[in-house]
1. Long-range amide H contacts for A:LEU102: which residues qualify at under 5 Å (H placed 1.01 Å from N, peptide plane, sequence gap of 5 or more or a different chain)?
2. Could you tell me the accessible area of B:VAL674 in Å² (1.4 Å probe, neighbours in place), rounded to the nearest ten?
3. Given a 1.4 Å probe and heavy atoms of the protein chains only, how would you sort B:HIS176, B:HIS197, largest accessible area at the top?
4. Taking a probe of 1.4 angstrom, what is the accessible area of B:CYS148 in Å², to the nearest 10?
5. Over the whole of B:500-507, what's the average partner chain Cβ count within 10 Å per residue? Rounded to a whole number, please.
6. Ignoring ligands, DNA and RNA, what percent of the accessible area of the range B:185-267 is carbon or sulfur (1.4 Å)?
7. Kindly compute the accessible surface that chains A and B hide from a 1.4 Å probe when together, both sides summed, and give it to the nearest 100 Å².
8. For the pair B:LEU443 and B:ASP631, how long in nm is the line joining their label points, each one 7 Å along Cα→Cβ?
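The values are calculated or read from the model by the stated rules, or taken from the named source; none is laboratory data. All figures in this text were calculated on a predicted structure; none of them were measured in a lab. Methodologically, a virtual Cβ is constructed for each residue, glycine included, from the backbone with ideal geometry; neighbour enumeration extends over all protein chains shown. Heavy atoms of the whole protein, side chains included, go into the accessibility calculation; ligands, DNA and RNA do not. Shrake-Rupley method; radii C 1.70, N 1.55, O 1.52, S 1.80 Å.
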Amino acid sequence: MKILIIDDDKLLNKNLSEALIFKGFDVSSISSSSEYMEIEETLINYDAIILDLMMPNDTDDLAVPGDLETGEVVYKRIIKKSPATKILIISGKDKDRLNINLDGDNSVYLSKPSGTKIANIIRHLEK
Amino acid sequence: MYIGPQNTSFHKKVKIMSAVIIFYKVQNHYLLVSVDGKESVFIPSKEMNLLIKKKQITKKLLTQCPKFSRVVEKEVGIIQELDNYVAYLVHSKVPTIIKLLFRKQYPLFVESQGEKIINIFRLNSRNKLLSRLSEESASLEDYIESFCKYTMSNGYSLWLYDYRTKVYTYQFGTFHPSKDYVYYSENSSFNEILDSHCSSIMREPSNSEIFNAKANGIKSMVRIKIPMSKSEDAILSFYSRLEKFVFDNALIALVKQFVAMKIAYSLTENEYVMEKTTKELLKIGIDDLQLFSNELVILIAKKLQYEAVTLLLLTPNKKYLKVISSYNLGFNGKPDKYILYPLSKDSLTVKVFKSDEVSVIYDLNDVDHSNIFNEETENNPKSWIGIPIQIEGKSVGVLRLKNKFRCMEGNEKTVCPPRPIDRHNAYLISQLVNSQITAIFKLEELNNNLEIQSNFSKVFRHELRAPIATIGYASENIQSAIEKYTISEKDKRYLDLKIKDIDTLSNRLGFIVKTYTIDDLISQSAEVIDRVSLLQDIIFPLSNLFGHYYKDQYNVTFDIDHNSMMGTYIKGNTDLCNIIMNSVMDNAAKYIENKNKPVKIYSQKNNDNCDIFIESYSIEIHDEEKEVIFDKDGRGKVAIYKKKDGSGIGLWLCKEIISRLDGNISLERRYDPVIFKLQFPLGASHENINNR
């Protein structure tokens, strides 16, 4: 299973990637909105994306309105570009404060840190 | 008009009837009084002499006594002149009028009848006065007008002197003054009575009188000083066209008594209005400064009858006073113009702002027209009251009240000068508004602080989440590496222990972060659902999270009766229930005395509730501490003595939160074992869920 991790926290990104690799997943990771814009056209190559909502926006190519997080804008772009891709949203933001509607069964919200344990992530990936 | 007695025998002989009019001499005037004492007419002596000469008395009396003048056939002239009376004879055709009197009887007749009539007149006058003074609806001006009539004055005026501002302000009167206010420093004619020890003076008007006395024919006056308060006196003047105008002491005392009483009564009446207004003012919400200000100005204007009310507050940069709210007939609420009064410029508003006086009254024309103000609300600040608004002794604004307009001749309007009631109101309003404004500012300060704290808390929590998650991944990675790579058994066991430590720490940190979302959970009205599984959602997560921790930290084990909890659903919020449960479990473990006995947790259904019992052999809770332990900062004496650390959220907060979930926490047993009971409303049953 091919997974893309999008999280600006590089340490978390690295450890999560390693943890999933240990479990046999094929993992790529990016840590900025500018990197996302570079790989956006290749989204369909991924079976699942693990996306952090709270990221800074380091590119003018991505317009982030005042009332949305960078990750929320990226989420909307992902479901438009690659609707079949499963998305696991990992975030410290409370679920009831999300400014996006989660897209049916393809999107799951996992709250950091309790909901983002490896076992739980894997459970959702393999559903 | 006096008409003499009838003499029937003589009457028949005389075809033309005669009547005698008796005039009473009053200091170069002649007073004609009707027989019933109800009507009177004054004629100056010069004029009288002319009328007698021309035999035109009846013409003069035409308007006052039309009946008499119609029946007079001919005026004869004065038939008798005494010290106090003059008898004037007229002929009349009307038979009912009187007979001719015998000449030799005139003096006694005239004197006795004259005295009788004058006394009746005086009695009637006094009765009329007292009757008017006793009318509740009579105003202060009505009172003074009554005295004026009683004393046959030709005019009156009332001024007030404020010792603080050293200004005389005109209230009302017969002759309108050239200006409504006079400074003490202008050496006006009022200063004489103010500076003297006498409370009354009687003299002719001086050239420095505030109205043109000569033009009005005033030749003498009586001026009375009436103390009103420590800082205020009333100056009441009665004017006369007589050259000698005198009030006796009894009359002066009467005037002072009633005028002072009326002012006091007005203040009392006003107290009632103020009380009602105060109650309404206190009902205005103080959450929002603008809304409060808008309602404040409208309430004060309408209830206390002011033409305009304006509230100004200091801007954050402390350079200007800004109009926050303003009310007048054509305008109310937040002004649509940005109206500012620079503190650097010396205007009236700025003077009030800098004043230490609780209530200050200015009746000066604002000559500094450099103020920027809305014409409709701020125009002509003559005669308004300025109240400094202070919070804990520091000036923060000004409340201005402008009195009602009164119409002058034509369309001209002028503002009524400040009344005694206005000063009284100003003091009461000041106290009330200051306390309300202080409360608003304090509330805003509190909200700001809470917001700062809340923001800090959110940032803090947010920052912790990622590192905690990363710790978890790192721990997993070490575990995976152990499994994958060749490591000695001994090293493996060691690393396993470390991983367990890291996991425990990570779990605990995660739970602490969750606990600190409690303010969000409570303030946003936690979502309550009726399918919180006691086992799956509350007990298991906590046991998994803290099983090792309690064992390692406190050497305590938990004995959980899962069977008693099977299929039990409660109504609550998962996160909040976890936090409460954790706190109680933490307490049980922390205060345990007999570590050989595990902490027992079991549940029972009880009507519509689920009772969860946490039983531990912990330190005794004394009888008198049963309630104290649920108080804020309340701890048992033994706990304090044994220097046990406090952690979790405390029993007080547990109680607060569980009550919001319609539950309860109680101490069921104080020792051997200590038993706490958490009670939650039962939610949907397992059977009910399956049937959906």
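1. Here the answer is none, since no amide H 5 or more places off falls under 5 Å of that of A:LEU102.
2. We get 10 Å² for B:VAL674.
3. Values: B:HIS176 90, B:HIS197 190 Å².
Output order, biggest surface exposure first: B:HIS197, B:HIS176.
4. 10
5. Numbers: counts 0, 0, 0, 1, 0, 0, 3, 3.
Mean number of neighbouring Cβ atoms from other chains: 1.
6. On the way: 2140 of 4040 Å².
That fraction is 53 percent.
7. On the way: alone 6730 and 36940 Å², together 41940 Å².
For chain A against chain B, roughly 1700 Å² becomes buried.
8. Going from the B:LEU443 label point to the B:ASP631 one covers 2.9 nm.
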